[in-house]
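Scroll down for the structure; my scribbles are underneath it.
The values are calculated or read from the model by the stated rules, or taken from the named source; none is laboratory data. None of these values were measured; they are calculated from a predicted model. Because the Cβ atoms are built from the backbone with ideal geometry, glycine has one as well, and the counts that use them run over all protein chains shown.
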Amino acid sequence: MMILLWSTFVYDPIAHWVWGNGGWLGGLGALDFAGGIVVHVSSGVSALVMAILIGRRVGYDSRGFTPHNLPLTVLGGALLWFGWFGFNAGSALEAGGLAANAFVTTNTATAAAGLTWALIEWRRHGAPTVLGIVSGALAGLVAITPACGFVSPLSSIAIGMLAGVFCYLAVAVLKPKLGYDDSLDVFGVHGVGGMWGTMATGIFASLAVHEGGANGLLFGNVKLFMIQGLYMAVCIAYAILMTWIIFKFVDALFCMRVEKQDELVGLDLSQHHEAAYTVLE
């Protein structure tokens, strides 16, 4: 029910505001080529709200939670990188020069962000990690999503590098400091990456890339940068408010958090009555 209500009352209105006929944000000139806010920021800030409302997992303060299967994480990241070309380039709605630009900027920003995350880890901890590279690559995919059809490949390098920096700080510094339990770093990667990508569109967008877009701050157009800021602020506020309302409604009906004993036993067994893995002794 939570997914159905959220999709209907959060995602659908925001998508219409930006992409629909008569959408007021699109009418103002807000640019979002493939869903930086419509998809990523809306879900990222909503995930933060829910993480705070549900609370931290049992044992979160006393032990670390790491991916249970790193090879599957890498495989998933690779599939995302490959599939994202369809997500971003496909938003051009034709196989032409605009789609080609979206394809190239998507790949370039992703590589730049993954490399940047690895370099930060190398500097801070003495070695990069595969998990960090995958996280950085995903941050690059998210950040370039709203901009891929409006910016040049050269600009996408800067967008990707800064996405790696901003998302790393959100995941490795902000989350531990504030203490919320976002197990998949949805806010740190999707939320923060989408915010940066939205504002980066207002900075790096160029009419030379997309005649139907606009020039950004880098090309002397302050107005687009301000519109992107308004777009982001309105959608964040709306997503936070509606997610809180929907959560409270669903929680009153079904209770969104399982009992402590069910959590200790494991959700696979307590909720689905089967084990994800069978260990032979």
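Evaluating Val74 against the criteria (1) surrounded by fewer than 17 Cβ atoms within 10 Å (Cβ to Cβ); (2) within 24 Å of Val258 (Cβ to Cβ); (3) of a type in the set (Val, Ile, Thr) leaves one unmet condition, (2). Restricted to segment 111-132, and to residues that are assigned to a helix (DSSP H, G or I) and either in contact with a Phe, Trp or Tyr (Cβ under 6 Å, 6 or more places away or on another chain) or of a type in the set (D, E, K, R) (or both), which residue is nearest to Ser156 (Cα to Cα)? Only one residue tops the list, namely Trp117.
Table: residues versus (1) surrounded by 21 or more Cβ atoms within 10 Å (Cβ to Cβ); (2) of a type in the set (Val, Ile, Thr); (3) out of contact with any Phe, Trp or Tyr (no Cβ under 6 Å at 6 or more places or on another chain).
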residue: Ile159; (1), (2), (3): yes, yes, yes
residue: Thr198; (1), (2), (3): yes, yes, yes
residue: His210; (1), (2), (3): no, no, no
residue: Phe225; (1), (2), (3): no, no, yes
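Can Thr73 be described as over 28 Å from Tyr231 (Cβ atoms) and in contact (Cβ under 8 Å) with a residue 12 or more places away in the chain? For Thr73, the condition - over 28 Å from Tyr231 (Cβ atoms) and in contact (Cβ under 8 Å) with a residue 12 or more places away in the chain - is met. Counting the residues of segment 59-89 that are under 19 Å from Ala205 (Cα atoms) and over 18 Å from the mean Cα position of the chain (by Cα) gives 0. When Leu119, Leu98, Leu79 are checked against the criterion of being surrounded by 20 or more Cβ atoms within 10 Å (Cβ to Cβ) and at negative phi, Leu98 stands alone in meeting it. Inclusion of Met199 among residues that are over 17 Å from the mean Cα position of the chain (by Cα) and under 30 Å from Gly27 (Cα atoms) is not warranted. When each of Thr8, Thr66 is tested for being surrounded by fewer than 16 Cβ atoms within 10 Å (Cβ to Cβ), assigned to a helix (DSSP H, G or I) and of a type in the set (Val, Ile, Thr), the lone residue that passes is Thr8.
Consider segment 122-144 and keep the residues that are over 25 Å from Leu207 (Cα atoms), hydrophobic (A, V, I, L, M, F, W, C) and under 15 Å from the mean Cα position of the chain (by Cα). The one that is surrounded by the most Cβ atoms within 10 Å (Cβ to Cβ) is Ala139. The helices (runs of 4 or more DSSP H) falling completely within segment 177-281 that include 3 or more residues that are β-branched (Val, Ile, Thr) map to 192-204, 222-254.
Quick check on my filter: what residues within segment 11-40 are of a type in the set (A, V, I, L, M, F, W, C), touching a Gly at 6+ places or on another chain (Cβ under 8 Å) and in a loop (DSSP other than H, G, I, E, B)? Across segment 11-40, the qualifying residues are Leu31, Phe33, Ala34. The residue that is nearest to Met232 (Cα to Cα), counting only those in segment 11-35 that are crowded, with 19+ Cβ neighbours inside 10 Å, among the small types (Gly, Ala, Ser) and at pLDDT 95 or above, is Ala30. Considering the conditions (1) surrounded by fewer than 18 Cβ atoms within 10 Å (Cβ to Cβ); (2) modelled with pLDDT of 95 or more; (3) of a type outside the set (Ser, Thr, Tyr); (4) assigned to a loop (DSSP other than H, G, I, E, B), Val58 is excluded by exactly one of them, (2).
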